[in-house]
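Below: the structure, in structure tokens.
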Protein chains: 2
Amino acid sequence: MNDSTIIDVARRAKVSVATVSRVLNSSSAVSPKTKTRVLKAIKEMNYTPNAMAKNLRSSKTMTLGVVVSDILVSYYAEIIKGIENTAIPFHYNILICDAQNRKEKELEYMSLVKNRTVDGMILVAPLLTNQELIHLAEEGYPIGIVGRFIDHPNIPCIYTDNVKASHEVVNHLIEEGHEKIAFLSGYADAVDSYERLEGYMKSLRDAGRPFIPELIENGNFNETGGYDAFRRLLAKNIGFTAVFAANDEMALGVYKACEELSIEIPSQMAVVGVDNNRISKYISPKLSTVDQPKFTMGALLAEKLIDQLNDNVYTDKMRFKVDSTLLIRGSSHRKK
Amino acid sequence: MNDSTIIDVARRAKVSVATVSRVLNSSSAVSPKTKTRVLKAIKEMNYTPNAMAKNLRSSKTMTLGVVVSDILVSYYAEIIKGIENTAIPFHYNILICDAQNRKEKELEYMSLVKNRTVDGMILVAPLLTNQELIHLAEEGYPIGIVGRFIDHPNIPCIYTDNVKASHEVVNHLIEEGHEKIAFLSGYADAVDSYERLEGYMKSLRDAGRPFIPELIENGNFNETGGYDAFRRLLAKNIGFTAVFAANDEMALGVYKACEELSIEIPSQMAVVGVDNNRISKYISPKLSTVDQPKFTMGALLAEKLIDQLNDNVYTDKMRFKVDSTLLIRGSSHRKK
DNA sequence: CTGAAAGCGCTAACAG
DNA sequence: CTGTTAGCGCTTTCAG
């Protein structure tokens, strides 16, 4: 166990603790001779500075919290990889928080920034409302958002245009000749759900198609939810030939139901998801989906938040919109 | 921002800091009246105790580090879920460390336990050798291992019998009528690789088959590595009809190569992996693989480590062997 | 270039 | 039941 403190090292090197601290942090010049002596003592005692003491004194923990809905979903994991990619070089650690798709959990985790366990918090596609988020930022807590636009000078955010992406998907489906297109939304209170639904409706409107409310079902953004929702849809006997799932997880549920019911994708049922989940290109047929530059989104946002943490730079550009791209794969391309 | 300290609260409630601390931690009785007053002050000032100060004082951070090789691999993500499942109720946070398949990284992360950023460290299928791990434990750092047996009284560990699992896989392949079975190992220095190879050889021996060294290739435990290794294997023209990949990621690489070369699975090439990665049951044909109770493994190990952290219980049972099960799916079941 | 000393915010004796 | 006080281990003025 490492029990030695800076005092022990100082004693052994016959210098003051201040000097030891100086060589530890290269904070100011120390004569080469004393420096060597201190270094030697440190090595001999196998001394490691106590991070808690350092944190307390410097009011920094050098760790960033990252709240995601579900660590098992590759979409989040890739964003985390991106965050990590910028955090590591800046010597920040990452505290991952798995909110298990629950808003209360998300809120609970915010105490980590309040009690100074982390220096800042990155929320990925949070369930918290903009208002709640803004409230936190105004209390002075450094937070950043991935996957949502939020109009506040203190909150860096990076997002894609959900309405546009969704609009593109539905247009594609219409072009493929589908008349009735179902929509699987996520939890009703998620902004993503709402925006994707908006794009869906816009497409219908543009194409002069009627909006049929029965064609909408909520699948809670997860596989079983998607499965159930799709079965409910089917039970209504509306005769739709395509489903747009607001994320890939729900699309996976659709695949499962189709397999059980021997509905062939895409000839009898076209399917499109969103997220470009890792699984989407392994399943058969490959799932058409909307890709976002996840890694980059995480990396860039982390950079901005770290900037803010260190220089209190709020003036800089803080809001980033990145493009998403529709990947048309086997699940939605009708055989001629 | 939360700038108020316990002193401010004390002042406002007209009590001493000790009393505030008492109500905060319910560490000893406080009269209902003062308690209410303190609580009121806390609420009014929107006070949150500073975790760093608390940590320093109590020499506890209530966080556990978890080192995994790659957070994107669902195998690790599920273990993390298990760890989380026991950590949360015990009020521990989890600091995820993504070692990016590199041993130096793993070692670097160990500084988190040395410098007291975390109270203990869980290593999942580490690249560090038993010796290195034991060294750390003997220096007094609380560590636990998931996915490997390690014979040391201070190191809780949970593992499956790799030799046996691998033995089972190869037996299955032999029963399916395969004569020449290739083996894709991971990095040469990983214990898992070694043990899985051992089981492979044992099966051949038991069945009176010759061991052909050319049938072994290293795929580094990842998809592209598996792809490359499989292509190298093919290039040797040995005429094997089955591959046992030491993990599912490499098996995915085999699938990719087979698709490119129009080799049909399983009729022309049987494939079996290990891990029961989430993707394995979505690909077509479904991948035969070896399942481990990942969630349970994480949960149980975390429990043991936390026990150790709190009570210094080293006497308790510390090493757990759990059963893995061979899941025979489409990729290795020869059509009659 | 080096040392002394004042805390960072909290907990836990100890005394009352 | 409540208050006083001594640190936890470190960084950082301020003097020298």
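The values are calculated or read from the model by the stated rules, or taken from the named source; none is laboratory data. These figures come from a predicted structure and were not determined experimentally. Counting neighbours? That spans all protein chains shown, and the Cβs are built from the backbone with ideal geometry, glycine included. Heads up: the accessible areas ignore ligands, DNA and RNA and are worked out on the full protein's heavy atoms, side chains in. Shrake-Rupley method; radii C 1.70, N 1.55, O 1.52, S 1.80 Å.
Taking only the Cα atoms of segment B:256-336, the ratio Rg/Rh comes out at 1.24, with Rh defined as the Kirkwood radius.
Dividing the convex hull volume of the Cα atoms of segment B:198-264 by its residue count, what figure in Å³ per residue is obtained?
Cα-based convex hull of segment B:198-264, divided per residue, equals 88 Å³.
Computed over the alpha carbons of the protein assembly as shown, Rg followed by Dmax gives 27.8, 85 Å. Near the amide H of B:M121, within less than 5 Å, lie the amide hydrogens of B:G65, B:I143, B:G144, all on another chain or at least 5 residues away, with H placed in the peptide plane.
Across peptide B:43-55, the mean count of Cβ atoms from other chains lying within 10 Å of each residue's own Cβ comes to 5.
Taking the average, over residues, of other Cβ atoms within 10 Å as the packing measure, peptides B:195-204, B:173-182 rank B:195-204, B:173-182 from highest down.
Shortest first, A:K40 label-point distances to identical copies amount to 6.4 nm, with the label point at 7 Å from Cα along Cα→Cβ. For chain B, relative contact order (Cα pairs under 8 Å, six or more residues apart, normalised by length) works out to 17 percent. Taking A:I155, A:I263, A:I83 as the candidate residues, the one with maximal mean-square fluctuation in a Gaussian network model of chain A, Cα springs under 10 Å, is A:I263.
Applying a DSSP loop filter and a limit of 14 other Cβ atoms within 10 Å to the GluC sites (Glu not before Pro) in segment B:244-295 leaves B:E264. 3J(HN,Hα) couplings calculated from phi for segment B:5-22 with the Karplus curve 6.51 cos²θ - 1.76 cosθ + 1.60 (θ = phi - 60°) are, in sequence order, 10, 4, 5, 4, 5, 4, 4, 4, 8, 6, 9, 8, 4, 4, 5, 4, 4, 4 Hz; Gly and Pro show x. With bins 10 Å wide beginning at 0, the percent of Cα pairs of chain A falling in each bin runs 6, 23, 25, 18, 13, 7, 5, 3, 0. 3J(HN,Hα) along segment A:126-137: x, 8, 4, 6, 4, 4, 4, 5, 5, 4, 4, 4 Hz, from the Karplus curve 6.51 cos²θ - 1.76 cosθ + 1.60 with θ = phi - 60°, whole Hz, x for Gly and Pro.
For B:K33, the lysines whose Cα falls under 24 Å of its own Cα, not counting residues fewer than eight places away in the same chain, are B:K14, B:K43. Taking only Cα atoms and a 10 Å spring cutoff, compute GNM fluctuations for chain B and point out the largest among B:D307, B:D291, B:D206. Highest fluctuation of the listed residues: B:D206. Can you tell me how much longer the chain between A:K202 and A:L72 gets when fully stretched, taken as 0.36 nm per residue apart minus their C-alpha distance, in nm with one decimal? Roughly 43.6 nm would be gained on extension. Most tightly packed first, judged by the mean number of other beta-carbon atoms within 10 Å of their residues, the peptides B:102-111, B:232-241, A:56-65 read A:56-65, B:102-111, B:232-241. Stokes-Einstein diffusion for segment B:162-291, with the hydrodynamic radius set to the Kirkwood value over Cα pairs and evaluated at 20 °C in a medium of 1.002 mPa s, equals 153 µm²/s. Using a probe radius of 1.4 angstrom, the carbon and sulfur fraction of the accessible surface of segment B:172-305 is 50%.
The phi-based Karplus calculation (6.51 cos²θ - 1.76 cosθ + 1.60; θ = phi - 60°) puts the 3J(HN,Hα) values of segment B:195-210 at 5, 5, 5, 4, x, 4, 5, 4, 4, 4, 4, 4, 8, x, 8, x Hz, whole numbers, x for Gly and Pro. The shape of segment B:74-117 comes out oblate: with a ≥ b ≥ c from the C-alpha gyration tensor, a/c is at least 1.5 while a/b does not beat b/c.
For peptide A:272-284, how many partner chain Cβ atoms fall within 10 Å of a residue's Cβ, on average?
Taking all residues of A:272-284 together, the mean is 3.
Note on B:S27 and A:R209: with the Förster distance fixed at 51 Å, the Cβ-Cβ geometry gives a FRET efficiency of about 0.20. Counting Cα-Cα pairs of segment B:6-49 in 10 Å increments starting at 0 gives whole-percent bin shares of 34, 62, 4. Set the bar at 20 Å for Cα to Cα. Now go through A:K236/B:K281; A:K256/A:K281; B:K54/B:K114 and name every pair that lies beyond it. From the list (A:K236/B:K281; A:K256/A:K281; B:K54/B:K114), the Cα-Cα distance tops 20 Å for A:K236/B:K281.
Accessible surface buried at the A:B interface totals approximately 4500 Å², computed with a 1.4 Å probe on protein heavy atoms.
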